[in-house]
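Structure, as structure tokens:
The values are calculated or read from the model by the stated rules, or taken from the named source; none is laboratory data. Please read these numbers as outputs of a predicted model, since none were measured by experiment. Here the Cβ is made from the backbone with ideal geometry for all residues, glycine too, and neighbour counts use every protein chain on show. Remember, those area values only see protein heavy atoms, side chains included, never the ligands or the DNA or RNA. Shrake-Rupley method; radii C 1.70, N 1.55, O 1.52, S 1.80 Å.
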Amino acid sequence: MKKLWDHFNEIKRLIYIRNLLSWDQQVNMPKGSVKGRADQLVIIQNLIHKRIKSDKTGDLIRSVEKLNNLNVTDLAMIREAKRHYMQATRIPETLLSEITKQSTLGYNIWEKARKKSDFSIFQPYLEKMISLQIEYAEKLETGPTLYSTLIDLYEPGVTYDWILKIFMNLKPKLIKFIKTLEKSSNKPDQSVLKRYYDPEKQWQLSLDIIKKLNFDFTIGRQDKSTHPFTVSLSSKDVRITTRIRENFLIDCLFSTIHECGHALYYMGFNEEIQGTLLADSCSYGIGESQSRLWENIIGRSKEFWIYWYTIFQKYFPENLKDYPLEEFYRAINIVQPSFIRVDADEVTYGLHIILRFELEKMMIEDGLQVSELASLWNEKMEELLGIIPPNDAMGLLQDAHWSSGGFGYFPSYALGNLYGAQIYQKALKDNPNLTKNYEKGEFSNLLNYLNENLYQYGKIYRANDLIKRVTGENLNPDYFMKYIEAKFKPIYRL
Ligand code: ZN
């Protein structure tokens, strides 16, 4: 067992080195240096891949499987090692390199097509990518269906049917709730957030906030990048990034809190699993549940702003001095059907995901022709959100995922909202005074709770087991519905 741990700890070190190369590429590297870095990334990626699919890995797994009386951490380690080994050995090199090539090509063409807002440019590349994804799923064969196999890459153990049941429960409730909010005659006004906010001050505030949220600067740092992200560079080194828009206050603010949420999770793994394969979020959905919990449930709460608003007023008196806290709180919580998923609010977000989930299933399993995709996209947008995108760029060309083969990834985002709400309800039930602390800028009680019940375990438990351990029941979307109803009805004066 020790040999298996050591073997994969070395692989994990290579992964950290790869992460460092790509973190540097996105944060520091001069633009002209892309080629040299790409070559380095290929070499290290090949090293990682070779070690995972080596005979040594296979032999070690076979020998530890004969052992009895293994503890839960060892068993999880074997499970994850097998998962990596299976992915590396079941997919032929030729298919893997074809997907890599098609991803790079597809991504570049997708960028061009989006710029021109012309789906027809991207269509043949998407068709090719879909057939490669189908082939990949056929070879990997970990799920009961092809699409389930792809979903399993991001949500281990989860199937299409399981998600379908949850989403079908949620869909009509969300549509109905959005219609209710639309009837309000006293809606929030977002214009105050779109004034000029000095970028330097925004940056300073973002650092002050994560400090208060207990982001540990002795083992982490924040930088700037085009797309905010979080990455680990060693067992004790977590990097986050943010971006600043001078005419939109909440971009930097909530990107920072979101990534801080991911980082707090990474910083909370217990000593035993640090630097191992198990030092990772339990699943993409559980990972996203924590970034969204900190960003939305905490960062967009009234109590959070009772503490922070006076500080913001001092930083930006020209915009906020005479602007009431209550109206600011409403402004950061506006709900509005919109075309672009990444800009969507807490309430409409899930519907953007359900749309992609339904289309992906049809593309992977039901032979949906890519030529029919644009009209189906618009139909579904109208059904779910009541709006039709004016062009391809604001419609089916908005996400990069499909261009680089990320089929099955989208559902995790919406599951994150659901897991987050359920976990937070339990935290509140166990600590009824939690929110009182936020008003004093005190967030360690919540973090301690999450560390103890969730973060320390990393990948030891599967999402299903984890949510049952933490909350005593399976994932139940009612918690999310109750949360948004209780929060948004007062904001919309209903
Ligand atoms: Zn995230």
In terms of Cα to Cα distance under 19 Å, which aspartates and glutamates are near enough to Lys56, apart from those fewer than 8 places away along the same chain? Asp6, Glu10, Glu65, Asp74, Glu80, Glu93
Using θ = phi - 60° and Karplus 6.51 cos²θ - 1.76 cosθ + 1.60, couplings along the range 160-177 (whole Hz; Gly, Pro as x): 4, 4, 5, 5, 4, 4, 5, 5, 5, 5, 6, 3, x, 5, 5, 4, 5, 5
Can you give the extra length, in nm with one decimal, that the chain gains between Glu111 and Ile91 once fully stretched, where that is 0.36 nm per residue apart less the Cα-Cα distance? 4.4 nm
Testing the spin-label approximation: label points 7 Å from Cα along Cα→Cβ at Gln190 and Glu127. State their distance in nm. 3.7
At what distance in nm do the modelled label points of Glu271 and Arg62 sit from each other, each positioned 7 Å from its Cα along Cα→Cβ? 3.7
If I compute solvent accessible area with a 1.4 Å probe over the protein chains, what percent of it on the range 2-90 is carbon and sulfur? 55
What is the distance in Å between the Cα centres of the range 191-233 and the range 339-371? 30
Cut-off under 5 Å, modelled amide H: who pairs with Ile244 long-range: none
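Using Cα pairs under 8 angstrom and six or more residues apart, how large is the relative contact order of the range 162-491, in percent? Write out the running numbers ahead of the final one.
Working: 436 pairs, mean separation 76.3, N = 330.
So the answer I get is 23 percent.
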Explain nothing, just compute: Karplus ³J(HN,Hα) = 6.51 cos²θ - 1.76 cosθ + 1.60, θ = phi - 60°, for every residue of the range 224-230 in order, whole Hz, x for Gly and Pro. 10, 7, 4, 10, x, 7, 10
Out of all Cα-Cα pairs in the chain, roughly what percent, to the nearest whole number, are more than 30 Å apart? 50
Give me D for the range 212-339 in µm² s⁻¹, whole number, from Stokes-Einstein with Rh from the Kirkwood sum over alpha-carbon pairs, 10 °C and 1.306 mPa s. 99
Which lysines have a Cα less than 22 Å from the Cα of Lys101, not counting those fewer than 8 places away in the same chain? Lys31, Lys35, Lys50, Lys53, Lys112, Lys115, Lys128, Lys139
Roughly how many nanometres apart are two label points built 7 Å out from the Cα toward the Cβ at Glu327 and Lys468? 5.1
So, for the chain, what is the accessible surface per residue at a probe of 1.4 Å, expressed in square angstrom? 44
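Length gain on complete extension for the stretch Asp161 to Glu442, per 0.36 nm per residue less the alpha carbon to alpha carbon distance?
Numbers: separation 281, 0.36 × 281 = 101.16 nm, distance 4.11 nm.
Residue separation times 0.36 nm, minus the Cα-Cα distance, leaves 97.1 nm.
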Please enumerate, by chain and number, the lysines with C-alpha under 16 Å from the C-alpha of Lys187, excluding those fewer than 8 residues away in the same chain. Lys179, Lys487, Lys489
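Ratio of Rg to Rh for the range 2-90, alpha carbon only, Kirkwood? Write down the numbers at each step before the final one.
Details: Rg = 16.1 Å, Rh = 14.6 Å.
With Rh from the inverse mean 1/r over Cα pairs, Rg/Rh is 1.11.
Based on the Cβ-Cβ distance of His401 and Glu452, what FRET efficiency does E = 1/(1 + (r/R0)^6) give at R0 = 60 Å, to the nearest 0.05? Let's see the in-between values first.
Numbers: r = 34 Å, r/R0 = 0.57.
In this case the efficiency is close to 0.95.
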Net lengthening on full extension, Ser120/Ile306 (0.36 nm per residue, minus Cα-Cα): 62.0 nm
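Could you look at the range 396-478 and say what percent of its accessible area is carbon and sulfur, using a 1.4 Å probe and all protein chains? Don't skip to the end; give the middle numbers.
Details: 1140 of 2900 Å².
The C+S portion of the solvent-accessible surface of the range 396-478 is 39 percent.
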